[in-house]
Amino acid sequence: MSVTVKDGRLIVRAPLNLKKSEIENFLDKHTGWIEKQLKKSKEMQDTLDSVPALSIEDIKELADEALKVIPDRVRFYAEKMGVTYGRITIRNQKSKWGSCTAKGNLNFNCLLMLAPREVLDGVIVHELAHRKHMDHSAEFYEEIIKVYPDYKKWDMWLKENGTLLIKRMLRSFDY
């Protein structure tokens with residue numbers, strides 16, 4: 001059984017044959033967590049309501065800016081890490097900040113231009129670390145921390161604020 005909060009809605013997943021009382025007991029045990037998540041979701045929605053959606057033009061401008069900024073940052077960190085890479089592509093993705101293919105091609109979300117530069121650098125180092133470790137092992141994260149000691153701080157910033165950036169974009173496209 002599981003419970004999640006998404007867009008202000010409580011979602012409970014349980015086997016079909018489970019008794020209602022068992023589900024209620026499960027929810028009672030997790031009331032504190034549920035209330036905290038619902039509050040967070042409402043705060044996110046309130047913030048989103050106060051921030052304008054990104055227009056198609058805004059997104060194009062972010063992509064243009066990313067094409068000017070990201071290649072230099074990738075080159076800088078690739079040299080520092082002793083790795084090579086292939087093509088760099090800028091996208092407006094709704095679920096990823098970056099990715100690295102087995103061939104070393106790198107993809108980055110143009111919305112990173114709305115985040116602090118330290119967040120962008122963290123994503124770049126993360127993707128370049130995949131040139132040494134195509135997984136998320138302890139060694140992979142050690143590689144990141146060697147080059148970017150503040151990685152965890154800025155990764156946390158992205159986890160806490162990234163949803164807002166993506167939702168601003170999604171509102172533009174009415175997904």
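Every number in this text was worked out from the coordinates using simple rules, so none of it is lab data. Please read these numbers as outputs of a predicted model, since none were measured by experiment. Note that we place each Cβ from the backbone using ideal geometry, even for glycine, and neighbour counts take in every protein chain shown.
Quick look at the numbers
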item	result
Projected-area average for the chain over all orientations - Cα convex hull basis, square nanometres	12.6 nm²
Backbone HN-Hα couplings from phi across the range 56-66 [Karplus 6.51/-1.76/1.60, Hz, Gly and Pro as x]	4, 5, 4, 5, 4, 5, 5, 5, 4, 5, 4
Of Gly122, Gly86, Gly98, the one that fluctuates the most in a GNM where the chain has Cα springs shorter than 10 Å	Gly86
Dipole magnitude of the range 56-173 about its Cα centre (Cβ charges: Lys, Arg +1; Asp, Glu -1), debye to nearest 20	280 debye
Summed residue charge, Cβ within 12 Å of Glu118's Cβ, Lys/Arg positive, Asp/Glu negative	+1
Relative contact order of the chain, pairs being alpha-carbon contacts under 8 Å that are 6 or more residues apart, as %	21 percent
Ranked Glu127, Glu57, criterion: other C-beta atoms within 10 Å, fewest first	Glu57, Glu127
Sequence of Thr31, Thr101 once ranked by neighbouring C-beta atoms within 10 Å, starting from the fewest	Thr31, Thr101
3J(HN,Hα) from dihedral phi, the range 27-38, Karplus parametrisation 6.51/-1.76/1.60, rounded to Hz, x for glycine, proline	5, 4, 5, 10, 4, x, 5, 4, 4, 4, 5, 5
Max mean-square fluctuation residue, GNM over the chain, Cα-Cα springs under 10 Å, options Asp135, Asp28, Asp58	Asp28
Reachable lysines, given that their alpha-carbon falls under 23 Å from the alpha-carbon of Lys29 and they are not under 8 places away in the same chain	Lys6, Lys19, Lys20, Lys39, Lys40, Lys42
Residue (of Ile11, Leu38, Ile70) at the positive-pole extreme of the range 1-96, dipole from beta-carbon charges	Ile11
Built amide H within the under 5 Å cut-off of Arg91, gap 5+	Phe108, Asn109, Cys110
